[in-house]
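Single-structure report; data block below.
The values are calculated or read from the model by the stated rules, or taken from the named source; none is laboratory data. For clarity, every value in this text was computed on a predicted model and none was experimentally measured. Don't worry about glycine lacking a Cβ; one is built from the backbone with ideal geometry, like all the others, and counts go over all protein chains shown.
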Amino acid sequence: MPTEKEMIEQLRSGKVSLPPLSLRFLEGDPKARGNLRFDALVEASWRESLAKFAVECKSLSTPKAFQDGLNLLKTSSLPKGYRPLLFLPFLSERQLQELERERISGIDLCGNGVVVVPGMFAVFRSGEKNRFSSSAPIKNIYRKNSSMVGRVFLLRSGYETVQEICAEINRRNLLVNRWNKRPMSLSTVSKSLKTLEEDLVVERNGIIRLLQPDKLLEKLSENYVPPKIKERVRLKVTQENGTIRELLLQQSEALGLPLVATGTSSVTQFAVMQRGDLLSVYCPRLEMLLGRLSGSQSDRFPNLELVETEDETVYFDGRQEGNFWWASPVQVYLELMAGDKRDQETAEQVKSYIIKNLQTAQQ
């Protein structure tokens, strides 16, 4: 990734272009009113038309960097005769459209840009690929264990410290409390929070607060990966001594074995949807359970499916209701969104449940 100094040097040496406009570097680090300094002054020309711009440069292409630059240009007093221009390594088409609505010009190092001077010229170029994708974190914080940092904000929108967030995550992780998994570390939470801030999902302003629950759910859904399954067994279990759920809860407590229904089997806890008689359950160690259930393995008319996985996210925020543990509403939502059209329609009900409960928790 280029630094801001390297980006300005490319601008100075004429390596940044937006055809059919010609860009000419005028001055670096010019002082505006008060103590405010812009990163550069440039001139854009087309035929006989000329326009001058004060440049705000950002070396990252994150939503936060874009928004910070845009806000600064919207609120700053510009040098007389100059227009605002934002300069990033990469500008997406959505960002270019936002710049156009705000009547602020923008260019990047990839060949995308929007420069509009009423009565003189208007250029909008998009579609060039991001050549600086390495600026994104290597670790996807919306997937696997890191996603629990985002998920905890859908239970409560504000926390005072990183330590409080970390403690809440580990408290709600059934595999930490009832199995052998190590608690999440503060460093993992801090790294994930940094990306959530860059993506404008959360902010730190006295407290660490969720800004966009809809966007967070969208990010989690886009990046959702089903749990890694070691084994899957279907059984026809007799129910002489109570329901299957009661039987499973008894065995879970006796063995110290965390069990939780899959998201698709937990739908009716949070939405209206017809499901079959098969109960599907996540379990970290099947061999401990199979010998204690009265029944036979069968793919014909089974009433219980046991899914062996140690994926911590599926156990995170499991909800005990009466005689059983159900998946969290967020896990239900994610599994439904990964399903067919009918499942995705039902997921909207679960989303409404999540948002409503989050709003109630804020009151």
* Quick one: in the range 285-300, of everything that is within 39 Å of the chain's Cα centre (by Cα) and touching a residue at least 12 places away in the same chain (Cβ under 8 Å), which residue is surrounded by the most Cβ atoms within 10 Å (Cβ to Cβ)? => LEU289
* Asked: Out of curiosity, is GLU56 in a loop (DSSP other than H, G, I, E, B) and within 19 Å of VAL16 (Cβ to Cβ)?
  -> no
* Structure fact -> Residue hits (the range 247-296; within 15 Å of THR309 (Cα to Cα) and touching an Asp or Glu at 6+ places or on another chain (Cβ under 9 Å)) are THR262, GLY263, SER280, VAL281, TYR282, CYS283, PRO284, ARG285, LEU286, GLU287
* Please work out if LYS228 is in a loop (DSSP other than H, G, I, E, B), over 12 Å from the mean Cα position of the chain (by Cα) and more than 30 Å from ARG300 (Cα to Cα). => no
* For the range 300-353, what are the residues that are in contact with a Leu (Cβ under 8 Å, 6 or more places away or on another chain), aliphatic (A, V, I, L, M) and not in a helix (DSSP H, G or I)? -> LEU304, LEU306
* Of all residues in the range 158-188, which are among the polar types (S, T, N, Q), at pLDDT 95 or above and surrounded by fewer than 22 Cβ atoms within 10 Å (Cβ to Cβ)? -> THR161, GLN163, ASN170
* Selected residue [within 16 Å of VAL42 (Cβ to Cβ), small (Gly, Ala, Ser) and either touching a residue at least 40 places away in the same chain (Cβ under 8 Å) or in the same structural domain as PRO19 (by TED's automatic domain parsing) (or both)] from GLY111, GLY119, GLY106 -> GLY106
* **Selection from the range 264-283 of residues that are among the hydrophobic types (A, V, I, L, M, F, W, C) and without any contact (Cβ under 8 Å) to a residue 60 or more places away in the chain** => LEU278, LEU279, VAL281, CYS283
* Restrict the check to the range 231-251 and report whether at least one residue is closer than 21 Å to ARG172 by Cα and at pLDDT 95 or above. => no
* Asked: Regarding SER146, is this residue within 20 Å of the chain's Cα centre (by Cα) and without any contact (Cβ under 8 Å) to a residue 24 or more places away in the chain?
  -> no
* Mind telling me which of the residues THR268, THR262 ends up being surrounded by fewer than 16 Cβ atoms within 10 Å (Cβ to Cβ) and β-branched (Val, Ile, Thr)? => THR268
